[in-house]
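The values are calculated or read from the model by the stated rules, or taken from the named source; none is laboratory data. Values in this document were obtained by computation on a predicted structure and should not be read as measured data. Here the Cβ is made from the backbone with ideal geometry for all residues, glycine too, and neighbour counts use every protein chain on show.
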Amino acid sequence: MPGATSKARPRVFTPMDRERIIAAYENAATPAERAAVMRREGVYTSHITNWRKMRKSGKSPESKTSRRHENPDGSKIARLEAKVERLTQQLARANDTIDVLGKVHALLQNAAGESATDEQPSKPR
């Protein structure tokens, strides 16, 4: 149809499909049989290679596709939450330090006041 535009969507293989295709490919005895499996399933050798690598490394096949649909703000939110936590801890330490300095200041003033009265000569009566 002229004027009708449709965009081809890439085929998505489920984890079960991937395992089934890999098993059929690995069970094929000759290169011709392997080529027939790939033609029948509509996959390339690069698919088989990548799926084997993912299986060997223990990565789930969904992890590759889920990155596309991941919330782009998710990592930013996690980073900002970590920063808030770190700054909250710094603030708590700063408040503790201020409290200690206030107490030290009061003690020094108290000690200075006592020594000033000790140094004043007593007046005769």
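Numerical summary
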| quantity | calculated |
| --- | --- |
| Search result, residues across segment 5-64 that are over 26 Å from the mean Cα position of the chain (by Cα), in a helix (DSSP H, G or I) and among the hydrophobic types (A, V, I, L, M, F, W, C) | MET16, ILE21, ILE22, ALA23, ALA24, ALA32, ALA35, ALA36, VAL37, MET38, ILE48 |
| Verdict on PRO2 being surrounded by fewer than 10 Cβ atoms within 10 Å (Cβ to Cβ) and modelled with pLDDT of 90 or more | no |
| THR65 modelled with pLDDT of 90 or more and either among the hydroxyl-bearing types (Ser, Thr, Tyr) or surrounded by 10 or more Cβ atoms within 10 Å (Cβ to Cβ) (or both) | no |
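Here's the yes/no breakdown for (1) over 30 Å from THR14 (Cα atoms); (2) hydroxyl-bearing (Ser, Thr, Tyr); (3) modelled with pLDDT of 90 or more:
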{"site": "GLU81", "(1), (2), (3)": "yes, no, yes"}
{"site": "THR97", "(1), (2), (3)": "yes, yes, yes"}
{"site": "ASN110", "(1), (2), (3)": "yes, no, yes"}
{"site": "ALA116", "(1), (2), (3)": "yes, no, no"}
{"site": "PRO121", "(1), (2), (3)": "yes, no, no"}
